[in-house]
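Remarks on the structure that follows.
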Amino acid sequence: MPEPSQPTSSLKDGEGLLPARVPYVFPAPGESEAADHTRVRRAGGPLLALDGVLLNCEPLAAGWNQIGYALRDYNTIPADIRELLVLRVAVLNKATFEWLEHEGPGRKAGLTTADLRAIRLSAPLSTSTPLTHRLAAAQLFADYSTTEVRVPQNVFDALRGYLETDRQMVEAVATVACYNMVSRILVALDVNAKTDVEVPIPQAE
């Protein structure tokens, strides 16, 4: 794991946040190993709202960083599939904060406004979608894993057919599982007061 460094962003930890159901905890640099490692994972930038609620329990925040490194920094699945999986989980769980954090990365990964609208508006478990076959396979996998837990073999196989290795398939499964956990924390703790805010419908940039 990289060594902690001082934040380089001019923004302050938690700047501009709305309340959550628990207080945000933002230790100063050097006061918390978990917080310092989180800053490293944030590329030296400020701690985010999710970080602030997790740091109420430092062992949890420390473990979260390990998962974050594995899923974000060492993930080998195509970036557009990865971000689709995250965004679809956000839609299904009504996790607006999660969607807002990942719509931008989704666009950078190659998802178009039309793709994002399909991810946002498609009914759960629907096979009728304007998405490409590979993105549709990823979306249907996310739908079953999130809403049904049990994933039919044909749905599993469809996504596996668009991935290169078994490692990538495990990463895809873990991405859906992890961001289901993330969304449940965000919604239950009403992080940044987004629980009652509807997931936005993407508009052209």
Got a sec? Which of ALA136, ALA118 is out of contact with any strand residue (DSSP E or B) (no Cβ under 9 Å at 6 or more places or on another chain), modelled with pLDDT of 95 or more and under 18 Å from ALA172 (Cα atoms)?
ALA136
So, in the stretch 1-32, exactly how many residues are in contact with a Leu (Cβ under 6 Å, 6 or more places away or on another chain), under 18 Å from GLU101 (Cβ atoms) and modelled with pLDDT of 80 or more?
2
Of the criteria (1) under 12 Å from the mean Cα position of the chain (by Cα); (2) under 15 Å from ALA172 (Cα atoms), which one PRO105 fails:
(2)
Taking ALA123 as the residue in question, decide whether it is of a type in the set (Gly, Ala, Ser), in the same structural domain as TRP99 (by TED's automatic domain parsing), at pLDDT 95 or above and part of a loop (DSSP other than H, G, I, E, B).
yes
Checked against (1) more than 16 Å from PRO202 (Cβ to Cβ); (2) over 12 Å from the mean Cα position of the chain (by Cα); (3) among the basic types (Lys, Arg), ARG72 satisfies every condition except (2)
State yes or no: is ALA35 part of a loop (DSSP other than H, G, I, E, B) and either under 30 Å from ARG160 (Cβ atoms) or modelled with pLDDT of 90 or more (or both)?
no
Picked from the stretch 163-205 (must be surrounded by fewer than 20 Cβ atoms within 10 Å (Cβ to Cβ) and hydroxyl-bearing (Ser, Thr, Tyr)), the residue farthest from LEU17 (Cα to Cα) is THR165
Test of understanding: among VAL151, VAL170, VAL155, which residue is outside any helix (DSSP H, G or I) and free of Cβ contacts under 8 Å to residues at least 24 places away in the same chain?
VAL151
Test ILE81 against the stated conditions and say whether it is under 17 Å from ASN180 (Cβ atoms), in contact (Cβ under 8 Å) with a residue 40 or more places away in the chain, among the β-branched types (Val, Ile, Thr) and surrounded by fewer than 23 Cβ atoms within 10 Å (Cβ to Cβ).
no
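The values are calculated or read from the model by the stated rules, or taken from the named source; none is laboratory data. Computed from a prediction, not measured in an experiment: that's the story for all the values here. Backbone-built Cβ (ideal geometry, glycine too); neighbour counts: all protein chains shown.
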